[in-house]
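Right, one structure below, let's go through it.
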Amino acid sequence: MSERDFDTLNLLFLKAIDRYDKPDAFLHKVKGAYQAVSSREVLRQVGALAKGLTRLGVGPGDRVALLSENRLEWALTDYAVLGLGGIVVPIFPTLLEGDTDYILRDSGAIGVVLSSETQLRKVLNTAAVSGLRFILAMDRTAAAAGSTRQAPALRAWHEVLGRALEEGGDVEGAFRERASRVKPGDTASILYTSGSTGQPKGVVLTHANIASNVGACAGLLAFEQGDVALSFLPLSHIYERMLDYLYLWRGVTIAYAESLETLPQNILEVRPTEMAVVPRLLERIHARVLEAVQQSSPLKQKLFQWAFSIGREYFPYQLTRRTPPWWLRLRHAFADTLVLSKVRARLGGRMRSIICGSAPLSRELAEFFWSAGLPVYEGYGLTETSPVISTNYPGRVKLGTVGPPIPGCEVKMGEESTDFEGRTGREILVRGPNVTPGYYHLEEENRRAFTDGWFHTGDLGELDADGFLRVTGRKKNLFKTSGGKYVAPEKLENLFQGHPYVAQVMVLGEGRKFVSALIVPHFNRLEAYAREHAIPFQSRQELVRRPEIQRFLQEQVDELNRDLPPYEKIRQIGILPEEFSINSGELSATLKIKRWVVEAKYRDLIEEIYRRPAPEKECAAIA
């Protein structure tokens, strides 16, 4: 069967189920242990759930919202709604009530399938609840709690499924028949942008859009039957969702992590061979490895450094699939046994590939994981492109790039725009079967987004002589200082990837006389530094206010700034006593900083930063 032997997600699902007939198509936690669900059981439950949804009035073109963390019920509901010709509207479970209300109303959802009592309360507090025909709650406790609040047409997800199963009949055959009626051009999903830059926009993706992306990537990424993938990035985002379709198509067992908090434990339980990540997770793993090394004996520290120096010599041969010289193979075998394999054991010991996207990955971080024998394949894409535009893959890897464009997806450079260095760059334009037909009822946005069939990504980049794409900045995220200089915050923020004392950073300066930043420290290391230098503190709030700490972190920033042009240098910093988080609304579900939320929360601190005098010796350069 070819990698493009499907043109709808329904055909992908049905053919994958028939193709592999796996006893462990999915793994999910039940009473503290992972349990397997077979391909046949998945089809039976999807067919029965589709029957139950039909009774609730779901038909072709109806929008059904999915408001849940990653779990088996999410995937089963997705396939059931798609099989009925319905349109899935994923909602990030971390969104606040206002955004949830907006998405429900804007999409015209007739029902919501949600996970927990927390999500139920959120929906019941929205104005949109009056327009819903039904609410299905995956957790039985949520259904019970909702019944006391007279929720409209509230039912337990498992009861709807169980009733359809008990009634018997050929639910599988009926599902196959209805699913086959769906056409490639039918809308499969409306996904709302994360809100990192303002009002969410509904991105329309058809079956053909997503199916084409799965087919193109399936021919590049070396997934095999028998592999196990751990799914933890939000299924509400097209990045993880498309990969889950791809896993299913290639016969990869899909295991769902319980949460971000339990991820380290779940990795050791599942021992995955594949995983999709964002750079922030790799930064955390890297930081924890280095912390463990720093706490070890001097001999072990030297051994670690030696092993990774061998790994750095060795991995370039892997990138190009060349055979290393015998002496390097021998040294690498010793380094691997003594050190590198122990680093891989932190990720279960079986990891064959890590797919990385959503934000830029620093070269230093990529080299660390490749040196440890953990291949990281960085790619690039957008919700509007289903999502993959380009990716590195086995046999074609160039660090510092996001790989060549995938088959069928055309990329060209658009008109010149101001890039993050105040020079000029070209916008990345995309055309292909994976590109959205447009934003949901936003005609003005659609006119701006498309020119002669080419989609404007808003990102700046370049294609090198070997056809690899490099993303150099974000057109929309440039800001201009009061001195008239353009600055890209991402460029400056990326300088801090892997920094020993800086965990998170947000760069500021729109309309201001100089560039500043809000800094979240690596508190364990900063507290250790304070104790080593006899700097007293009782709390993190007190720690970040200490003048010695403020001077120390400013010195760290100054060192990174040293080679930047004067107008880009971060002159002043504000140190925060707590991390940006999803729960506080400061991070999107894809771990991107919501700049407008952070600016509103820390407005007083930001104003205080800009009331401080800039260093006198810098005034001429700033002006």
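Over region 541-611, what per residue volume does the convex hull of the Cα atoms give, in whole Å³? Before the final figure, lay out each step's value.
Working: hull volume 8.3 nm³, N = 71.
For region 541-611, the hull spanned by Cα atoms encloses 118 Å³ per residue.
When the C-alpha to C-alpha distance is required to be over 22 Å, the pairs from Lys398/Lys491; Lys302/Lys342; Lys22/Lys342 that qualify are Lys22/Lys342.
Round to the nearest 10 and give me the degree value, 0 to 90, for the angle of helix 97-107's Cα axis relative to the longest principal axis of the chain. So the inclination is approximately 50 degrees.
Its DSSP H runs of at least 4 residues, each contributing -39,500 (n - 2.57), put the calculated 222 nm mean residue ellipticity of the chain at -11500 deg cm²/dmol, to the nearest 500. Listed values for region 513-530 are Karplus-derived 3J(HN,Hα) couplings in whole Hz (6.51 cos²θ - 1.76 cosθ + 1.60, θ = phi - 60°), namely 7, 8, 8, 10, 7, 9, 10, 10, x, 6, 5, 4, 6, 5, 5, 5, 4, 4, and x replaces Gly and Pro.
Couplings 3J(HN,Hα) of region 120-127, computed from phi: 5, 4, 4, 5, 5, 8, 8, 5 Hz, in residue order, whole Hz [Karplus 6.51 cos²θ - 1.76 cosθ + 1.60, θ = phi - 60°; x for Gly and Pro].
Once the Cα-Cα distance is subtracted from the 0.36 nm per residue extended length, the Thr141 to Glu532 segment shows a gain of 135.8 nm. Here's how it looks for Val502: its modeled amide H is under 5 Å from those of His522, which are all 5 or more places away or on a different chain. Taking every alpha-carbon pair within region 211-322, the share separated by more than 24 Å comes to 44 percent. Using a Förster radius of 51 Å, what is the FRET efficiency between Gln301 and Lys31 based on their Cβ-Cβ separation? Nearest 0.05, please. So, using R0 = 51 Å, E works out to roughly 0.75. Computed from label points 7 Å out along Cα-Cβ, the spacing between Leu564 and Trp327 is 4.3 nm. About its Cα centre, the dipole of the chain is roughly 720 debye, where the only charges are +1 on Lys and Arg Cβ and -1 on Asp and Glu Cβ.
Only one residue of Val339, Leu591, Ala488 has its Cα farthest out toward the positive end of the dipole of the chain, where Lys and Arg carry +1 and Asp and Glu -1 on Cβ, and that residue is Val339.
Work from the charge dipole of the chain (Cβ charges, +1 for Lys and Arg, -1 for Asp and Glu, about the Cα centre) and give the residue of Ala229, Ala530, Ser296 farthest towards its positive end. Of the options given, the answer is Ser296. Using the Cβ-Cβ distance between Ser130 and Tyr317 with R0 set to 56 Å, the FRET efficiency works out to roughly 0.35.
Let me know the Kirkwood hydrodynamic radius for region 159-270, please, with Cα pairs as the basis and the value in Å to one decimal.
On the way: mean 1/r = 0.0593 Å⁻¹.
After inverting the mean inverse Cα-Cα distance, the result is 16.9 Å.
Less than 5 angstrom separates the built amide H of Tyr440 from those of Gly202, Val203, Val204, all sequence-distant by 5 or more or on a different chain. Approximating the spin labels as points 7 Å out from Cα along Cα→Cβ, the Asn494-to-Arg546 distance works out to 3.4 nm. Relative to the Cα centre, the charge distribution of region 9-182, modelled as +1 at Lys and Arg Cβ and -1 at Asp and Glu Cβ, gives a dipole magnitude of about 120 debye.
Classify region 503-589: rounded, prolate or oblate, from the alpha-carbon gyration tensor (a ≥ b ≥ c, eigenvalue square roots; a/c under 1.5 rounded; otherwise prolate if a/b is larger than b/c)? Note, shape of region 503-589 comes out oblate. One equal scatterer on each Cα of region 1-119, no solvent, Debye formula: the resulting log10 I(q)/I(0) at q = 0.09, 0.10, 0.22 Å⁻¹ is -0.28, -0.35, -1.28. Taking amide H positions as modeled 1.01 Å from N, with prolines and chain starts lacking one, the residues under 5 Å from Thr472 and 5 or more places away or on another chain are Leu460, Gly461, Glu462. Dipole magnitude for region 103-251: computed about the Cα centre from +1 point charges on Lys and Arg Cβ and -1 point charges on Asp and Glu Cβ, it is near 600 debye.
Laboratory data are not the source of any read-out in this text; all were calculated from the coordinates shown. If you're wondering where the values come from, they're calculated on a predicted model, not measured in any experiment. Neighbour counts are summed over all protein chains in view; Cβ atoms, including those assigned to glycine, are modelled from backbone coordinates with ideal geometry.
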